[in-house]
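Engineer: Got a structure here, written out as structure tokens. Questions coming.
The values are calculated or read from the model by the stated rules, or taken from the named source; none is laboratory data. Here the structure is a predicted model, which means the values were calculated and not measured. No Cβ is skipped: glycine too gets one built from the backbone with ideal geometry, and neighbour counts run over all protein chains shown.
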Amino acid sequence: MGSVLCEHCSAACCRYVAIEIDKPTSARDYDDIRWYLMHEGVVIFVEEGDWFVQFRTKCKNLRADNMCGVYETRPQICRDYKAEDCDYCDVEQNYEEFFTHAKQVEAYYTKRTGKVLGAPKPLRSRLTKKVRKHGKSKLSTV
Ligand code: SF4
Ligand code: SF4
């Protein structure tokens with residue numbers, strides 16, 4: 001923060017944490033993303049081919065007047081952030097992908113692979129696993 005632009009902004013850049021994640025390649029990867037999106041305040045976006053998870057949570061140092069409470073000692077990541085290339089405008093439409101709900105990534109996965117994420121496994125397979133877990137070699141049926 002610090003430019004003239006910042007004076008007209010409610011500190012959009014201080015209200016989230018975004019972390020790059022591996023690009024999903026397997027059903028398990030997509031299922032993990034689906035799990036992220038089941039949590040409040042979590043979004044996933046893709047920018048220039050890179051995948052990010054974003055946690056929408058306000059910095060504890062942000063003051064009520066939308067100014068930084070630790071400006072002189074703010075972290076380097078905040079110092080490096082430039083208003084010329086920032087979140088002042090709603091940039092959601094600039095992302096290649098933007099997911100806010102698990103259903104969206106389920107649809108994305110199905111469109112790309114023709115498969116369904118999160119479908120219940122066949123009963124027999126689940127029973128087999130349960131039996132193996134208990135150390136038996138054969139599936140016992142009722
Ligand atoms: S989002 Fe941009 S304009 Fe707003 S406070 Fe941050 S750097 Fe300034
Ligand atoms: S430390 Fe200051 S500049 Fe950095 S995110 Fe928090 S309020 Fe914003």
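Engineer: Which condition number in (1) more than 13 Å from ligand 1 (Cβ to nearest atom); (2) buried (at least 18 other Cβ atoms within 10 Å of the Cβ); (3) on the phi > 0 side of the Ramachandran plot is the one that residue 44 fails?
Structural biologist: Only one criterion in (1) more than 13 Å from ligand 1 (Cβ to nearest atom); (2) buried (at least 18 other Cβ atoms within 10 Å of the Cβ); (3) on the phi > 0 side of the Ramachandran plot is unmet by residue 44, namely (3).
Engineer: I'd like to verify a number: residues in segment 55-85 that are near ligand 2 (Cβ under 6 Å from one of its atoms) and among the basic types (Lys, Arg), how many?
Structural biologist: 1
Engineer: Quick one: would you say residue 44 is touching an Asp or Glu at 6+ places or on another chain (Cβ under 9 Å) and assigned to a strand (DSSP E or B)? Show your work before the answer.
Structural biologist: On the way: touching an Asp or Glu at 6+ places or on another chain (Cβ under 9 Å): yes; assigned to a strand (DSSP E or B): yes.
Here the answer is yes, as residue 44 does meet what is asked.
Engineer: Can you list residue pairs whose Cβ atoms sit under 7 Å apart, with the first residue in segment 84-97 being part of a loop (DSSP other than H, G, I, E, B) and the second being modelled with pLDDT of 75 or more and among the charged types (D, E, K, R)? Count only pairs 6 or more apart in sequence or on different chains.
Structural biologist: 95/47; 96/47
Engineer: Another question, if that's okay. Can you report the number of residues in segment 7-55 which are within 20 Å of residue 80 (Cα to Cα), in contact (Cβ under 8 Å) with a residue 24 or more places away in the chain and charged (D, E, K, R)?
Structural biologist: Summing the residues that are within 20 Å of residue 80 (Cα to Cα), in contact (Cβ under 8 Å) with a residue 24 or more places away in the chain and charged (D, E, K, R) in segment 7-55 gives 5.
Engineer: From the list 85, 31, pick out the single residue that is of a type in the set (Asp, Glu), in contact with a Phe, Trp or Tyr (Cβ under 9 Å, 6 or more places away or on another chain) and either more than 28 Å from residue 118 (Cα to Cα) or surrounded by 15 or more Cβ atoms within 10 Å (Cβ to Cβ) (or both). Break it down into steps so the answer makes sense when it comes.
Structural biologist: Details: 85 fails: in contact with a Phe, Trp or Tyr (Cβ under 9 Å, 6 or more places away or on another chain).
Only one candidate passes the filter, namely 31.
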